[in-house]
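Data block below; observations after.
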Amino acid sequence: MLTRRHFGFTLAGSPLLAQTPAPQSDIEWRDARDFTVEGLGYKDRKSPYDRLPARAEALVRKAVWDLSRDSSGVVVRFTANTKAIHARWSVTGKNLASANITAVASSGLDLYAKTDAGRWHWLGIGRPTKFPENTEALAANIPPGQRDYMLYLPLRNGVASLEIGVPKGGEITKSPARAAGSKPILFYGTSITHGISASRSGMTHVAMLGRMFNREVINLGFSGNGKMEPEVAALVAELDPAVFVLDCLPNMNDKEINERAEACVKTIRAAHPATPILLVEDRNYSDNFLNPSRLERNETNHKAMRDLYAKMQRDKIKHLLYLKADNLLGADGEGTIDGSHPTDLGFARQAAEFARVLKTILK
């Protein structure tokens, strides 16, 4: 039989999605928690895919707690030899999409596979069409062979349950553990970190960086509510990542920066004397060249953070790094949906900028 190569997979005959997926009665379902679930830093969770521990409900503002129940950044890793991959998932929120995020990103699933060349490549999505439960074939007609997969959970909805299904006769197991000493990258930030307005959950800069560096990522982005508050800083400091990325300035003004940023850094540094902390500047609004109020917001935020960073350096706070805003979104105005939230292009540009700094930290 003639074969052809397509993104590292050997395909025989028809294209990947040309055949009809297996009937539901022929699918064997497994709870996703049977596999390798990453992006969850805390064990004492109220629901399976919450991003903060259950005790945080009494510690942080209600808005932060509610947002922490979104499954942004959570990924399920598994290895399979199967001709198809199905998913059945139940979300907690009735709003499947919003004005600046697609339903697929907000409430759907995003599947990646590792190619024969060892690179992660997008393979399929789970489309959410109703509340609360959806079932869909994420990929069909997969050629024989054992491969590694990653399934990204919704960015802006909670997940009450998730099952992964393969046709009878298929094999599916949890992925091997990460290499010893490979700690995660932790991001604490705003709606941009949260993933608004990526087209799907694997397209955030946080997810891209996880694939680039072959590391677990922990996404503590809280849309509109990443403010370096002491209660959240204390929870962040409980975790033990390879690097803390603090990217809260889009939700803060210069007064809040002066009041909270140094305290946030010191809380983390007290718990982790040698772990690098990367401070990220407020991204430049793409329309600030003709929007004086937005330009002023950027400039005052940048000055406050730069002055504070210089002070912390003088105070000899060690292992502190800084990423300026200049190239986070590019200079052509094409990187956002609304001047603030990145498109996929904007997220790719951010990932490249973060990678430039993180590759030295993680070396």
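Could you grab me the full set of residues in region 208-241 that are among the small types (Gly, Ala, Ser) and out of contact with any Gly (no Cβ under 7 Å at 6 or more places or on another chain)?
Filtering region 208-241 down to residues among the small types (Gly, Ala, Ser) leaves 210, 221, 223-224, 226, 233-234, 237.
Hits for region 208-241 are Gly210, Ser223, Gly224, Ala233, Ala234, Ala237.
Of everything listed in (1) acidic (Asp, Glu); (2) crowded, with 20+ Cβ neighbours inside 10 Å; (3) without any contact (Cβ under 8 Å) to a residue 60 or more places away in the chain, the single unmet condition for Glu216 is (3).
Considering only region 33-70, state which residues are among the aliphatic types (A, V, I, L, M), more than 18 Å from the chain's Cα centre (by Cα) and closer than 22 Å to Gly224 by Cβ. I'd like the intermediate steps shown before the answer.
Going residue by residue through region 33-70, those that are among the aliphatic types (A, V, I, L, M) are 37, 40, 52, 54, 56, 58-60, 63-64, 67.
If we keep only those that are more than 18 Å from the chain's Cα centre (by Cα) as well, we get 54, 56, 58-60, 63.
Hits for region 33-70 are Ala56, Ala58, Leu59, Val60, Ala63.
Cβ-Cβ contacts under 8 Å between residues 6 or more apart (or on different chains), taken from a first residue in region 263-276 that is within 13 Å of Lys316 (Cβ to Cβ) to a second residue that is not in a loop (DSSP other than H, G, I, E, B), are listed as Val265/Leu246; Val265/Ile277; Val265/Leu279; Val265/Met312; Val265/Leu320; Arg269/Ile277. Considering every residue within region 307-317, establish whether at least one is of a type outside the set (Val, Ile, Thr), assigned to a loop (DSSP other than H, G, I, E, B) and touching a residue at least 40 places away in the same chain (Cβ under 8 Å). Taking every residue of region 307-317 in turn, none turns out to be of a type outside the set (Val, Ile, Thr), assigned to a loop (DSSP other than H, G, I, E, B) and touching a residue at least 40 places away in the same chain (Cβ under 8 Å). Being more than 18 Å from the chain's Cα centre (by Cα), of a type in the set (A, V, I, L, M) and in a strand (DSSP E or B) is the filter here, so list the residues in region 168-186 that pass it. Within region 168-186, just Ile172 meets the criteria. Residues in region 187-203 that are in a loop (DSSP other than H, G, I, E, B) and within 12 Å of Ile101 (Cβ to Cβ): Gly195, Ile196, Ser197, Ala198, Ser199, Arg200. Exactly one residue out of Tyr309, Tyr322 is closer than 23 Å to Pro342 by Cα and in contact with a strand residue (DSSP E or B) (Cβ under 9 Å, 6 or more places away or on another chain): that is Tyr322. The numbered conditions (1) farther than 30 Å from Arg200 by Cβ; (2) buried (at least 17 other Cβ atoms within 10 Å of the Cβ); (3) among the aromatic types (Phe, Trp, Tyr) are all true for Phe347 except (1).
Pick from Asp254, Asp287, Asp326, Asp315: which is modelled with pLDDT of 95 or more and either small (Gly, Ala, Ser) or within 16 Å of Gly226 (Cα to Cα) (or both)? Criteria check complete, one pass: Asp254.
Are any of the residues in region 93-116 of a type in the set (D, E, K, R) and over 30 Å from Ser340 (Cβ atoms)? Talk me through it step by step, then tell me what you get.
Initial filter on region 93-116 (of a type in the set (D, E, K, R)): 94, 110, 114, 116.
Okay, now just the ones that are also over 30 Å from Ser340 (Cβ atoms), so 114, 116.
The answer is yes; a qualifying residue exists.
Here's the yes/no breakdown for (1) in contact with a Pro (Cβ under 9 Å, 6 or more places away or on another chain); (2) of a type outside the set (D, E, K, R); (3) free of Cβ contacts under 8 Å to residues at least 40 places away in the same chain; (4) in a helix (DSSP H, G or I):
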| residue | (1), (2), (3), (4) |
| --- | --- |
| Val104 | yes, yes, no, yes |
| Tyr112 | no, yes, no, no |
| Asp116 | no, no, no, no |
| Leu123 | no, yes, yes, no |
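Selection over region 132-167 of residues that are closer than 13 Å to His86 by Cβ, among the small types (Gly, Ala, Ser) and in a strand (DSSP E or B) gives a count of 3.
The values are calculated or read from the model by the stated rules, or taken from the named source; none is laboratory data. Please read all numbers here as calculations on a predicted model, not as lab measurements. Neighbour counts run over all protein chains shown; Cβ positions are idealised from the backbone, glycine included.
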